[in-house]
Amino acid sequence: MQSVQIFGSKNSQETRAAERFFKERRTQIHLVDLTQKPLSPAEIKRFVDRFGLLGLLDTDGKAYADSGLKYLKISDAELLGKIEQQPKLLRLPLVRCGKQLSIGRDEKAWIQMLGES
């Protein structure tokens, strides 16, 4: 049976949508609540390598505006530190199935992960 790892927040509407999507397809889910446990550096690197650091950020979100990142010039290392401290800066959910990754609410990518057509 295929297993999917969802990195998100229990109170995130997008994370709950991903959870529901995979449960409806009877896929085994491992949910990592980023408010309880931060992303490991290796896991962050996996998503950054695929989507770029800025691709992971929810630039339309309230946390992004409140943090002032729109106006700050900070290094990638400082930005990674902020992401680890504030998961709300990320476009949630981050979904991983084997080597396939997706960010945000992306049902097309989720369908591909499960090998559906």
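The values are calculated or read from the model by the stated rules, or taken from the named source; none is laboratory data. This one's a predicted model, so the numbers in the text were calculated from it and none came from an experiment. Cβ coordinates were reconstructed from backbone atoms using ideal geometry, including for glycine residues, and neighbour counts include every protein chain displayed. These area figures cover heavy atoms from the full protein model, side chains too; ligands, DNA and RNA do not enter into them. Shrake-Rupley method; radii C 1.70, N 1.55, O 1.52, S 1.80 Å.
Here is a list: 57, 34. Which entry is under 20 Å from residue 75 (Cα atoms), surrounded by 15 or more Cβ atoms within 10 Å (Cβ to Cβ) and not polar (S, T, N, Q)?
Within the list 57, 34, the selection yields 57.
Might you check whether a residue that is among the β-branched types (Val, Ile, Thr) and open to solvent by 70 Å² or more (accessible area, probe 1.4 Å) occurs anywhere in region 3-11?
Within region 3-11, none of the residues are among the β-branched types (Val, Ile, Thr) and open to solvent by 70 Å² or more (accessible area, probe 1.4 Å).
Are there any pairs, at least 6 apart or on different chains, whose C-beta atoms fall under 7 Å, with the first in region 45-56 and at negative phi and the second part of a loop (DSSP other than H, G, I, E, B), and if so, which?
That search, which allows pairs on different chains as well, returns 56/91.
Kindly establish whether residue 66 is open to solvent by 30 Å² or more (accessible area, probe 1.4 Å) and under 15 Å from residue 22 (Cα atoms).
no
Name the residues in region 60-117 that are of a type in the set (A, V, I, L, M, F, W, C), more than 22 Å from residue 38 (Cβ to Cβ) and part of a loop (DSSP other than H, G, I, E, B), would you?
114
What is the one condition in (1) free of Cβ contacts under 8 Å to residues at least 12 places away in the same chain; (2) open to solvent by 20 Å² or more (accessible area, probe 1.4 Å); (3) within 15 Å of residue 8 (Cβ to Cβ) that residue 81 does not satisfy?
Going through the list (1) free of Cβ contacts under 8 Å to residues at least 12 places away in the same chain; (2) open to solvent by 20 Å² or more (accessible area, probe 1.4 Å); (3) within 15 Å of residue 8 (Cβ to Cβ), residue 81 breaks only (3).
Tell me yes or no: at least one residue of region 12-26 is assigned to a helix (DSSP H, G or I), basic (Lys, Arg), at pLDDT 95 or above and in contact with a strand residue (DSSP E or B) (Cβ under 9 Å, 6 or more places away or on another chain).
yes
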